[in-house]
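Engineer: Structure provided below as structure tokens; questions to follow.
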Amino acid sequence: MRADRQQGQAGPGGPAEPPGQNGPAGQGGPVAHGGSGGQDASGGQGGGERRSRRFPQVTRDTARPEGGGRAAPGDAPAPARQWPMLSVLAATAAGLLLTALGHPRIGCLMIGAVLIAASVLRQVLPSVGMLAVRSRFTDMVTYGILGIAITLLALVMEPKPLLEIPFLENTVRFIVR
């Protein structure tokens, strides 16, 4: 079937589009690709048709996840490649379990500490698997701010807060009023 599509014949997904066009016929005509002049879509020397710089409307392949295979070599099993993400998920699940079992402060403190640890892992390790979602700086800031916020909320949690913030009670009364 793939050879049929490459030659411009209809496949199971409908008629194939001619090279250099995206969408319905007549829309998104040929656009310069930026390569060497005179090359067509197949890479050879040819007349007038060039690759479009637009994304195709129909995706025929999937890209590998950005973090996939970074924490260990490709021949290692999946859990070994993703140990940073799996450890963060396991510790977060343990914190949620503690919270559900009636220890909300300890569970929330654990979740906050795990997010702070995820921020540190993202900074220290060169490859963290799927724990890498965005750029290194953005991941570190996001994990760190969420971890600090959850930790602070766990420390000021009623009853008997472990951290007293003087203006917090007045602020809450003013907002809730």
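Engineer: When you go through (1) surrounded by fewer than 17 Cβ atoms within 10 Å (Cβ to Cβ); (2) at pLDDT 95 or above one by one for residue 162, which number turns out not to apply?
Structural biologist: Residue 162 satisfies all of (1) surrounded by fewer than 17 Cβ atoms within 10 Å (Cβ to Cβ); (2) at pLDDT 95 or above except (2).
Engineer: Which residue pairs have Cβ atoms under 9 Å apart, sit 6 or more places apart or on different chains, and have a first residue in segment 117-135 that is closer than 14 Å to residue 86 by Cα and a second that is acidic (Asp, Glu) and not in a loop (DSSP other than H, G, I, E, B)?
Structural biologist: Note: pairs meeting the criteria are 118/139; 122/139; 128/139; 131/139; 132/139.
Engineer: What's the total number of residues in segment 93-140 that are of a type in the set (Val, Ile, Thr) and under 23 Å from residue 163 (Cβ atoms)? Give the steps one after another, and end with the answer.
Structural biologist: Of all residues in segment 93-140, those of a type in the set (Val, Ile, Thr) come to 99, 106, 111, 114, 116, 120, 124, 128, 133, 138.
Those still in the list that are under 23 Å from residue 163 (Cβ atoms) too: 99, 106, 111, 114, 116, 120.
Matching residues across segment 93-140 total 6.
Results for (1) under 16 Å from the mean Cα position of the chain (by Cα); (2) of a type in the set (A, V, I, L, M, F, W, C); (3) part of a helix (DSSP H, G or I), shown as yes or no for each residue.
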| site | (1), (2), (3) |
| --- | --- |
| 108 | no, yes, yes |
| 123 | no, no, yes |
| 134 | yes, no, no |
| 140 | yes, yes, yes |
| 146 | no, yes, yes |
| 149 | no, yes, yes |
| 152 | no, yes, yes |
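Engineer: Could I ask something else about it? Looking only at segment 136-177, count how many residues are in contact with a Lys or Arg (Cβ under 7 Å, 6 or more places away or on another chain), touching a residue at least 24 places away in the same chain (Cβ under 8 Å) and of a type in the set (A, V, I, L, M). Spell out how you get there, then give the answer.
Structural biologist: At the first step, the residues of segment 136-177 found to be in contact with a Lys or Arg (Cβ under 7 Å, 6 or more places away or on another chain) are 136, 139-140, 143, 154, 157.
Subsequent filtering for residues that are touching a residue at least 24 places away in the same chain (Cβ under 8 Å) retains 143, 154, 157.
Keeping just the survivors that are of a type in the set (A, V, I, L, M) gives 154, 157.
Residues that pass the stated criteria total 2.
Engineer: Let me ask something else. Just to check your reading of the model, which residue among 127, 119 is in contact with a Lys or Arg (Cβ under 6 Å, 6 or more places away or on another chain), of a type in the set (S, T, N, Q) and in the same structural domain as residue 96 (by TED's automatic domain parsing)? Break it down stepwise before answering.
Structural biologist: On the way: 119 fails: in contact with a Lys or Arg (Cβ under 6 Å, 6 or more places away or on another chain).
Within the list 127, 119, the selection yields 127.
Engineer: Among (1) on the phi > 0 side of the Ramachandran plot; (2) surrounded by fewer than 17 Cβ atoms within 10 Å (Cβ to Cβ); (3) in contact with a helix residue (DSSP H, G or I) (Cβ under 7 Å, 6 or more places away or on another chain), there is one condition residue 129 misses while meeting the rest; what is its number?
Structural biologist: All conditions pass for residue 129, except number (2).
Engineer: In this structure, does residue 159 turn out to be over 15 Å from the mean Cα position of the chain (by Cα) and closer than 21 Å to residue 83 by Cα?
Structural biologist: So residue 159 fails the test.
The values are calculated or read from the model by the stated rules, or taken from the named source; none is laboratory data. Since we're looking at a predicted model, the values are computed, not measured. Here Cβ is always computed from backbone atoms with ideal geometry, including for glycine, and neighbour counts include all displayed protein chains.
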